[in-house]
Every structure is written in C-alpha cells, then in structure tokens.
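To start, the structure itself, in structure tokens.
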Amino acid sequence: MSTVPGFAGEQGGIPLWGGIGSLPFLGDFETRSISAENPDGSKAGGARAVPEGGPARELGKGWKVRPAISLPAGSTTTLAEITGPGMIRHIWLTVSPIAYRDCVLRFYWDGEETPSVEVPLGDFFANGHGLRYNVNSLMVAVNPSGGFNCYWPMPFYRSARITLENQRDEDIHGFYYQISYLLGQLPANLATFHAQWRISQTRREHPEHTILDGVRGDGQYVGTHLAWVQMSDGWWGEGEIKFYIDGDSEYPTICGTGTEDYFGGAWNFGDTPFTSIYSGYPLYQREDVRVPKHGMYRWHVLDPIRFRHDLRVTIQALGWWPGGKFQPLTDEIASIGYWYQREPHAPFPPLPGRNARLPR
C-alpha cells in the first residue's frame, strides 16, 4: 500500500485509504464528527443540547437529547459545513424509505458553485427503486435495518459542504446521521470525489443507457450502481458496458461482455442475489410485483479506469428473440457513476425532477 509523504507529519506518511496498515501511524491530523448532537463538529461540541421534554427530560443535558433532525418539506438542509484541509472518511445515516428517491444529496468541494455529487439519497448507497435492501461491500454497506454506510475517501482543501434537499410536500422526521472526517495537511493535487445520477428508458431502435457523458478533466472512474426495471419477460442483461476514453468516438477502449459479467456474476446471475466486497447483485425482485426490479453495483477499487481528458460510459439493454437473436429492450435504467477527478469538473446535466425519479 502506497503512502502519501507528509500526510502523517513526522511518521513518514500515512496510507491515504486509511486501511488496516495505517492504524499504527499517529498522523498529524485531528478527528472530527458531525451529527445532530454536534452539528458543526467542533471540539467538545457534542451532547450540548438542552432537553425540552422528551425521553431525556429527567436525565438532563449531556444525555441522548438530539439524536436526529427533521427535514422540512420543500427545503434544503445543510448537513455539514467544514473548513479544510481535510478528508471525509465515513458517512452513516438512516431514515424512512420515503426519503430514498425524494431527497437529493449534494456535495460541494472547495467553494465550487455546482455540486460534485448530486444523487437521490438511497441510490447513492446502492439502494435503488426507493427500496431498502442489504449491501455488504467495501465502499458501501447497508446493514439491517436500513443503516447506510459510505467509505469512499473524500478529500478537500478549503471546504466541504453537504446538503440534503427534501422534495416531498411533507416533512420527513427521524433523520439520523454521522459524518466522520479528519483535518490536517493534504498532499497537493489530490482528485476529488464525484457521483452523478441518470435515468432513461431505452428504445428499440437504440437500446442503450448513458451512465456518464461530458466528463472533462484528469481522473479515474471507480464505481457503478444500476437500478434496473425490467419491462419484458425473460433474460434482460445481455448488453455490454462500454467506456469511451480520451477521444474515443464510435468505438470504446473498454468493452464488457454482458451485464452480469461486468457486475462479477455469470450466466444470468443464476437468478441468485449476492453481495461481495467489490461487486454485487443485492436486489432480485420478481414475485408479487408489477414489474421485476434489479439492483447491482461494481466498485473499481483495485482496477480504476484512468482517463486523462474525457470519459463517456454506456450500457446496452438486450434480451433474446426466439431463434437466437438479440432483442432490443425498452427497460428503465437508473444509474450512478462514481469517479475521482481534479477540479474543475464540467457541470452536470439537470437532475430529473421528483416525478421522473418516482419508483415504478
């Protein structure tokens, strides 16, 4: 595991990912955490809320007084406002599934005007379709019952701001969250974290969904999440994923061999859901539903896809006609592409509105 010079002061560098090998290093940084009990993450700033009734009314200040917040209807709540340099290391949260597609999560690095992350809340944690299901992976874990965890390292130099917009016409109560980060000097020119959500219904004449397009800059692609709604019977995942890198036009540099292959499975996944540290098919929903739904993720942790100037990522929607011919499908696919790049990033396309995001 490589180290970053100067990141741990006199200790000679700390592994940037902060894995097991980093634990003996006592770096020159400070650990902080933001939650409803310490909204600004300040030193000795936790557990200061004064009970005004509620379960802690007899215990008083310093106990469990403000563990959660409410998200007012039609408003944006700032979850974190941090002055850097530093790095977010872990995000945990939980809330009712009604928030998964109706709330929009946005991250802004170093005072930028447009977000580097703009995604529906549930999809960011690999829970698509507005549904709750478990995910057991290295970078994202969704544990019983709806405990969302994110471990993507997110460096910033001047500031980090995280907001959550509730686009419902009613308040959402019981939003619990914890954002853990470190403060300290970072090496120069680190890439920052990005994630973009898209949704489309593929067409018979061109059954392809765009995961990313218009990415400009120097970076590497690190992950994919798909929430796939199957509109016809039979096998739906014969299509290939394609990565068009640094000027590729008609033909991609990287071309997959099938949907289940890219997500680490084989032979139609055997209709068997699974989760693992780098890839998974945690959602296979067919029985007693109007339309079958599938959820998949793939983290390029050990095999990031490097680009120098630009990147476009697509996936096809193909099944089978009788007689051994590919059938173009009209399926609905929602995706998140995750990547790191040096700023500035190109502005994202407009995020589809709430009605376009509603689960089928």
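Out of everything in segment 24-53 that is small (G, A, S) and loosely packed, with under 13 Cβ neighbours inside 10 Å, what residue ends up being farthest from Y177 (Cα to Cα)?
That would be G53.
Restricting attention to segment 273-286, report how many residues are of a type in the set (V, I, T) and within 18 Å of L131 (Cβ to Cβ).
1
Among the candidates R306, R354, R360, which residue alone is touching a residue at least 24 places away in the same chain (Cβ under 8 Å) and in contact with a helix residue (DSSP H, G or I) (Cβ under 8 Å, 6 or more places away or on another chain)?
Every option except R354 fails the conditions.
Hey, among the residues in segment 309-358 that are closer than 21 Å to M231 by Cα and of a type in the set (D, E), which one's surrounded by the most Cβ atoms within 10 Å (Cβ to Cβ)?
Looking at residues that are closer than 21 Å to M231 by Cα and of a type in the set (D, E), I get D331.
Any residue at all in segment 91-109 that's surrounded by 21 or more Cβ atoms within 10 Å (Cβ to Cβ) and more than 25 Å from G174 (Cβ to Cβ)?
Among the residues of segment 91-109, at least one is surrounded by 21 or more Cβ atoms within 10 Å (Cβ to Cβ) and more than 25 Å from G174 (Cβ to Cβ), which makes the answer yes.
Does V222 count as in contact with a Leu (Cβ under 6 Å, 6 or more places away or on another chain) and farther than 23 Å from N355 by Cα?
no
For segment 271-288, does any single residue satisfy the condition of being farther than 27 Å from P304 by Cβ, buried (at least 17 other Cβ atoms within 10 Å of the Cβ) and in contact with a Phe, Trp or Tyr (Cβ under 8 Å, 6 or more places away or on another chain)?
Yes: one or more hits.
Values in this text are rule-based calculations from the coordinates and carry no lab data. All of these numbers come straight from a predicted model, not from anything done at the bench. Note that we place each Cβ from the backbone using ideal geometry, even for glycine, and neighbour counts take in every protein chain shown.
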